[in-house]
Amino acid sequence: EFSPSSDRDSLERFYVENDLYVLRYRTNDGMKEYRIDGETFIITSYRILDLDGKAMLIAMASRFEESEILTMPMLIRVVFPAERRSVTIAYDELRVNEPVQCSFTLPKQAEVIYR
């Protein structure tokens, strides 16, 4: 789920690029940018930019699969460029309202912090 725009955000620019609708909102902290597939009206990417226009967060969704209830991205990537951090989530199959088992592998150099 992508963060929605708030009442305080103002639409700065709307345009079409590579068959995607691009909506850019000015916020108190910078900007939010959504890229929406023009055919399915699904958000495919989202960016948060600081006041200088540098990306603070980039989130991308792809490989969409439809069920009777919803459309779900099978591949999700979230990047924090300034911190050089990212996470990628890839789903093998889509099951709605069924128990699932999942696992993930941490890179050897990853630091685990328990809170």
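The values are calculated or read from the model by the stated rules, or taken from the named source; none is laboratory data. What you see is a predicted model; the values in this text were computed from it and never measured. Glycine gets a Cβ as well: all are built from the backbone with ideal geometry, and neighbour counts include every protein chain shown. In case anyone asks, the SASA skips ligands and DNA or RNA and just uses the protein heavy atoms, side chains included. Shrake-Rupley method; radii C 1.70, N 1.55, O 1.52, S 1.80 Å.
The table below gives the values:
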| item | result |
| --- | --- |
| Options Arg35, Arg47, Arg24: the member that is farther than 23 Å from Ala90 by Cβ and either surrounded by fewer than 17 Cβ atoms within 10 Å (Cβ to Cβ) or without any contact (Cβ under 8 Å) to a residue 24 or more places away in the chain (or both) | Arg24 |
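Residue by residue, here is whether (1) open to solvent by 70 Å² or more (accessible area, probe 1.4 Å); (2) free of Cβ contacts under 8 Å to residues at least 60 places away in the same chain; (3) within 26 Å of Ile43 (Cα to Cα); (4) assigned to a loop (DSSP other than H, G, I, E, B) holds:
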position	(1), (2), (3), (4)
Phe64	yes, yes, yes, no
Ile76	no, yes, yes, no
Ala82	yes, yes, yes, no
Arg95	yes, yes, yes, yes
Glu98	yes, yes, yes, yes
